[in-house]
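The values are calculated or read from the model by the stated rules, or taken from the named source; none is laboratory data. In this text the structure is predicted, and so the values were computed from the model without any measurement. Counting neighbours? That spans all protein chains shown, and the Cβs are built from the backbone with ideal geometry, glycine included.
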Amino acid sequence: MFFNLSSFFFFYFSIIGVYVIFLPKILALYGYTPYYIGVIYAIPPLIRFLMPFFFLKFFQFNLKLYKNALWLSVVSIVSFYFTIENLSLFIISNIFMAISMGIILPYIESYSLEYLKKERYGKSRLYGSIGFMLIGVVLAKFFNVDFTLGIDFLVITIILTAFYGYNITRLDEFKKTDSSPQAATQSFDIFAYKYLWISIILMQMSFGGFYNFFTIYESSHGISYEIISYLWAFGVICEIILFNYQMKFFKFDLLLLIKLSIFLTIIRWLLLFLFPSNLPILYISQSFHAFSFALYHTAILSYLSTLYSDKKLVLQFYYGFGLGLGAFIGSLWAGAFYGEYLYLHSSVIAFFSFIFLFKK
């Protein structure tokens, strides 16, 4: 079971690697403007924001839905071949992809946490970071030869993800422990800590320029695709290292760690704005990913868990409001304002996220 779960994470996050690192540049080469790239990349977070509400009201999160999502994920990504040159059709393909992926990962995450427990879960989930990193390094070597190979890699990795995702459900260990999560009905008062939630949304907004346009931005400043892939990989390596040793940080106050993470994120975006072609500083900036991603997410999730009694519901809304609504707005904003001052704007948004943490 450990092998199948680890393989699933490896290939799933390989898909994310291609989608985040290379697809924006592929779309630019197909003639998409930064604005329309921003629109396309706003779709997954918008779906992520809306889905928890639909599951609370209309759908049951069960095995049948999960298997259908596996099929839908393959069909939607294969359709990229036929829709990428048409904006409207490509948006439809991305909507179906976002719906399927928004079902697949939470289902496997919840099961792996139950089966592996937190002690072994991290060791399995680690292969996701490795997959993300390796796909960036490997595909960069092919990208200069034929940029359309990125779609081929997407198709290959989604097929393998679906294979291992389906294979997990056939194992005896899964059949013994599978239980379909039921929709939470407990009321959720987001306004009790409204300034914290605003800070969360703004923090994720500031990442819009990074996840969607970092490759395009750096290539426009003379950095090769291969070097850019190394920068992505270096950020993931720093993330992995901090995940392994982050418990040393948690002797400090959680809110202090959140503030530290956002402060370093402000500095990170400023470095990208001021030194976009300075390679040593770019690596320093990427090293901050350990704090602005790994430490921040663990600290904010832990802190939210101390504020709300329903742990599962608070995580759903964190992903919905932070990685959903915040990323959605950030993607649209980055597409609309892409240019020389992109990361200065990102730094300002992160600064306001920092300020809202001091509001009561």
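Is there a residue being in contact with a Pro (Cβ under 7 Å, 6 or more places away or on another chain) and closer than 20 Å to GLY324 by Cα anywhere in the range 13-34? There is no residue in the range 13-34 that is in contact with a Pro (Cβ under 7 Å, 6 or more places away or on another chain) and closer than 20 Å to GLY324 by Cα. Residue count for the range 234-256 satisfying the condition of being under 21 Å from LEU279 (Cα atoms) and either touching a Leu at 6+ places or on another chain (Cβ under 8 Å) or not aliphatic (A, V, I, L, M) (or both): 4.
Beta carbons closer than 8 Å, at least 6 apart along the sequence or on distinct chains, pair a first residue in the range 246-264 that is closer than 11 Å to LEU295 by Cα and modelled with pLDDT under 85 with a second that is surrounded by fewer than 17 Cβ atoms within 10 Å (Cβ to Cβ) and polar (S, T, N, Q) for PHE250/SER302.
Taking into account only those residues within the range 200-213 that are among the hydrophobic types (A, V, I, L, M, F, W, C), over 13 Å from the mean Cα position of the chain (by Cα) and at pLDDT 90 or above, which is nearest to PHE263 (Cα to Cα)? The residue in question is MET203. Taking the conditions exactly as written (outside the structural domain of PHE214 (by TED's automatic domain parsing) and at pLDDT 90 or above), does SER6 satisfy them or not? Taking the combined requirement at face value, the residue does not satisfy it. Against the conditions (1) over 17 Å from the mean Cα position of the chain (by Cα); (2) closer than 24 Å to ALA334 by Cα; (3) aromatic (Phe, Trp, Tyr), TYR308 satisfies every one except (2). Would you mind stating whether SER261 is farther than 23 Å from TRP197 by Cβ and touching a helix residue (DSSP H, G or I) at 6+ places or on another chain (Cβ under 6 Å)? Considered against the rule, which asks whether it is farther than 23 Å from TRP197 by Cβ and touching a helix residue (DSSP H, G or I) at 6+ places or on another chain (Cβ under 6 Å), SER261 comes out as no.
Here is a yes/no grid of residues against (1) surrounded by fewer than 21 Cβ atoms within 10 Å (Cβ to Cβ); (2) modelled with pLDDT of 90 or more; (3) touching a helix residue (DSSP H, G or I) at 6+ places or on another chain (Cβ under 7 Å); (4) not in a loop (DSSP other than H, G, I, E, B):
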site	(1), (2), (3), (4)
ALA42	no, no, yes, yes
LEU65	yes, no, yes, yes
PRO106	yes, no, no, yes
GLU109	yes, no, no, yes
LYS118	yes, no, no, yes
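Is it the case that PHE328 is within 28 Å of GLY102 (Cα to Cα) and not assigned by TED's automatic domain parsing to the domain that holds PRO24? Yes: the conditions hold for PHE328. The conditions of being at pLDDT below 85 and surrounded by 19 or more Cβ atoms within 10 Å (Cβ to Cβ) are met by ALA299. The residues in the range 76-86 that are exposed (fewer than 15 other Cβ atoms within 10 Å of the Cβ) and among the hydrophobic types (A, V, I, L, M, F, W, C) can be counted, and the count is 1. Going through (1) at pLDDT 85 or above; (2) over 21 Å from TYR127 (Cβ atoms) one by one, PHE59 falls short only on (1). The single condition among (1) farther than 25 Å from PHE321 by Cα; (2) buried (at least 17 other Cβ atoms within 10 Å of the Cβ); (3) at pLDDT 90 or above that LEU89 does not satisfy is (2).
Looking across the range 336-360, the residues that are within 22 Å of LEU254 (Cβ to Cβ), in a helix (DSSP H, G or I) and not polar (S, T, N, Q) come down to ALA350, PHE351, PHE352, PHE354, ILE355, PHE356.
Of the candidates ILE130, ILE159, the single residue that is surrounded by fewer than 22 Cβ atoms within 10 Å (Cβ to Cβ), at pLDDT 85 or above and not assigned by TED's automatic domain parsing to the domain that holds VAL236 is ILE159.
Residue pairs whose Cβ atoms lie under 9 Å apart, sitting 6 or more positions apart in sequence or on different chains, and linking a residue in the range 233-244 that is on the phi < 0 side of the Ramachandran plot to a partner that is at pLDDT below 85 and of a type in the set (Lys, Arg), are PHE243/ARG125.
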